[in-house]
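Colleague: Structure provided below as structure tokens; questions to follow.
The values are calculated or read from the model by the stated rules, or taken from the named source; none is laboratory data. No experiment lies behind these values; they were computed from the predicted model shown. Virtual Cβ from ideal backbone geometry, glycine too; neighbours counted across all protein chains shown. Protein only, heavy atoms only, side chains kept; ligands, DNA and RNA dropped before computing areas. Shrake-Rupley method; radii C 1.70, N 1.55, O 1.52, S 1.80 Å.
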Amino acid sequence: MTVWGWMLLMAVVGGAAWLQYTIHKHIQGPSHCIGCGKCDKSGVCILTGKPVGPRRKK
């Protein structure tokens with residue numbers, strides 16, 4: 001690959017990383033959330049056992 005090819009590759013990968021960070025930076029639950037929706041109902045994550053989500057106990 002030429003220098004321009006590597007620079008283009010870095011720009012694409014950096015742009016994808018920035019987009020993922022922007023989309024997911026305000027998530028309050030664990031980053032490994034599987035999206036089951038149980039934390040919305042109970043306020044406790046089934047993976048970690050910790051209170052998360054909008055109904056977590058203060």
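Colleague: Here is a list of conditions, (1) at pLDDT below 80; (2) open to solvent by 90 Å² or more (accessible area, probe 1.4 Å); (3) within 16 Å of the chain's Cα centre (by Cα), and VAL52 meets all of them except one; can you say which number that is?
Modeller: Among (1) at pLDDT below 80; (2) open to solvent by 90 Å² or more (accessible area, probe 1.4 Å); (3) within 16 Å of the chain's Cα centre (by Cα), the lone unmet condition for VAL52 is (2).
Colleague: Further, regarding this structure: Pairs under 7 Å by beta carbon, first residue assigned to a loop (DSSP other than H, G, I, E, B) in the range 25-54, partner open to solvent by 100 Å² or more (accessible area, probe 1.4 Å) and modelled with pLDDT of 80 or more, six or more apart or different chains?
Modeller: From residues that are assigned to a loop (DSSP other than H, G, I, E, B), the pairs are CYS36/ILE46.
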